[in-house]
Amino acid sequence: MAAKGGLRNSEADSFELICRCAEAEPYRALGRKAFPKEQGLIGRSWASDNGVGVAVDLPVDREEWIGIQEAFYEIPREVAKRMTMFSRSIAAERMDNASGVSRDSISVIVVIEFMVPDLFDPEEAAKFRQKRAMKDLAEIIAGPVGIQSPRGHDIR
């Protein structure tokens with residue numbers, strides 16, 4: 001099953017790629033180094049009150065998939081066409097500093113994508129944010145060292 005995961009750091013008006021992990025070579029490429037905050041499921045999770053965005057049954061037909069990216073997720077058609085993985089299930093979760101710093105100060109987005117539909121339950125995804133490990137990770141992310149964006153360097 002093709003899958004990839006990624007971590008993006010919040011910048012002023014975009015999310016910068018920190019790292020991407022995938023078993024399949026074609027999905028390891030960096031892709032979009034910066035992702036505008038108003039676009040995609042990433043943008044939805046960023047803007048939502050609970051910090052979660054889930055898409056569970058995206059179409060297998062590429063043209064239909066591209067149309068949905070443009071119509072529902074505000075990703076320009078030409079950008080959607082260049083995406084290498086036409087994911088059918090996507091979960092994006094905003095990791096906030098648990099100490100109460102606003103998401104505008106420090107946050108990252110964790111994104112997990114699969115080529116198989118219906119792998120995420122939106123209610124379960126929201127509960128995942130409440131797990132102790134996720135809260136601890138949020139504290140580490142917000143700590144004095146923090147995570148620095150690689151600014152385009154391939155991390156593997």
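The values are calculated or read from the model by the stated rules, or taken from the named source; none is laboratory data. Predicted model, so just to flag it, every value in this text is computed and none were measured. Reconstructed Cβ throughout: ideal geometry from the backbone, glycine too, with neighbour counts over all protein chains shown. We work out accessible area using only protein heavy atoms, side chains counted, and drop any ligands, DNA or RNA first. Shrake-Rupley method; radii C 1.70, N 1.55, O 1.52, S 1.80 Å.
Among the residues in segment 16-29, are any in contact with a helix residue (DSSP H, G or I) (Cβ under 7 Å, 6 or more places away or on another chain), among the hydrophobic types (A, V, I, L, M, F, W, C) and open to solvent by less than 50 Å² (accessible area, probe 1.4 Å)?
So far as segment 16-29 goes, no, none of its residues is in contact with a helix residue (DSSP H, G or I) (Cβ under 7 Å, 6 or more places away or on another chain), among the hydrophobic types (A, V, I, L, M, F, W, C) and open to solvent by less than 50 Å² (accessible area, probe 1.4 Å).
Examine segment 51-71 for a residue that is within 17 Å of R88 (Cα to Cα), touching a residue at least 12 places away in the same chain (Cβ under 8 Å), out of contact with any Cys (no Cβ under 6 Å at 6 or more places or on another chain) and of a type in the set (S, T, N, Q), and state whether such a residue exists.
Yes: one or more hits.
Is at least one residue of segment 86-108 over 19 Å from S10 (Cα atoms), open to solvent by 60 Å² or more (accessible area, probe 1.4 Å) and at pLDDT 90 or above?
No, there is no match, as no residue in segment 86-108 is over 19 Å from S10 (Cα atoms), open to solvent by 60 Å² or more (accessible area, probe 1.4 Å) and at pLDDT 90 or above.
Within segment 8-32, count every residue that is among the polar types (S, T, N, Q), touching a residue at least 24 places away in the same chain (Cβ under 8 Å) and touching a Phe, Trp or Tyr at 6+ places or on another chain (Cβ under 7 Å).
Of the residues in segment 8-32, 1 are among the polar types (S, T, N, Q), touching a residue at least 24 places away in the same chain (Cβ under 8 Å) and touching a Phe, Trp or Tyr at 6+ places or on another chain (Cβ under 7 Å).
Please count how many residues of segment 31-74 are surrounded by 18 or more Cβ atoms within 10 Å (Cβ to Cβ) and small (G, A, S).
6
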